[in-house]
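Worksheet: the structure to be examined is printed underneath.
The values are calculated or read from the model by the stated rules, or taken from the named source; none is laboratory data. These figures come from a predicted structure and were not determined experimentally. Note that each Cβ is placed from the backbone with ideal geometry, even for glycine, and that neighbours are counted across all protein chains shown. These accessible areas exclude ligands, DNA and RNA; they are computed on the full protein's heavy atoms, side chains included. Shrake-Rupley method; radii C 1.70, N 1.55, O 1.52, S 1.80 Å.
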Amino acid sequence: MKISSQQAENNKLNLTPLIDVVFLLLIFFMVSTTFEKQAKLKIELPEASTKPIVSEQQELVISISQKGVFFVNSNELINAQSKSLRNALQQIVKDSRDMPVIIRADANAAHKHVVMAMDVLGNMGFAKVSMATTQSSGDD
């Protein structure tokens with residue numbers, strides 16, 4: 001009993017439709033996925049009862065982590081000294097001191113880091129400085 005070569009060739013599995021379906025699913029999930037801008041630094045903001053103020057100007061964001069690491073517009077500083085913060089701010093703003101500045105300090109960050117950032121900003125002549133907070137839950 002001899003098996004013909006045509007039957008042996010017909011028994012091969014055709015993977016082309018399977019690959020097409022997998023690519024279509026991949027494209028579908030890539031298109032339907034929503035991407036969310038997430039900060040690299042996880043900061044637990046303190047709570048406040050006031051409503052946030054929306055600004056249309058470009059703003060400068062100084063983030064302070066719980067461990068005292070400083071970030072200026074998501075760029076980490078080499079150390080937590082006032083000289084480093086001053087140099088980073090001068091490189092970004094040049095001579096423009098009317099830019100609004102937001103300090104995003106972790107609720108558990110040391111108070112000295114926040115005061116140091118505010119002191120540097122005050123000495124450089126920034127007048128529009130605000131603190132980032134979250135809306136309080138109202139459990140007062």
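Is it fair to say VAL61 is modelled with pLDDT of 85 or more, open to solvent by less than 100 Å² (accessible area, probe 1.4 Å), assigned to a helix (DSSP H, G or I) and out of contact with any Leu (no Cβ under 8 Å at 6 or more places or on another chain)? Steps first, please.
On the way: modelled with pLDDT of 85 or more: yes; open to solvent by less than 100 Å² (accessible area, probe 1.4 Å): yes; assigned to a helix (DSSP H, G or I): no; out of contact with any Leu (no Cβ under 8 Å at 6 or more places or on another chain): yes.
Answer is no for this residue.
Residue pairs whose Cβ atoms lie under 8 Å apart, sitting 6 or more positions apart in sequence or on different chains, and linking a residue in region 86-100 that is on the phi > 0 side of the Ramachandran plot to a partner that is of a type in the set (Val, Ile, Thr) and exposed (fewer than 10 other Cβ atoms within 10 Å of the Cβ), do not occur here.
Taking region 112-135 as the range and being closer than 16 Å to GLU47 by Cβ and not in a helix (DSSP H, G or I) as the test, the residues that pass are SER130, MET131, ALA132, THR133, THR134, GLN135. Mind listing whichever residues of region 101-111 are buried (at least 17 other Cβ atoms within 10 Å of the Cβ) and part of a loop (DSSP other than H, G, I, E, B)? Listed by number, the residues that qualify are ASP106, ALA109.
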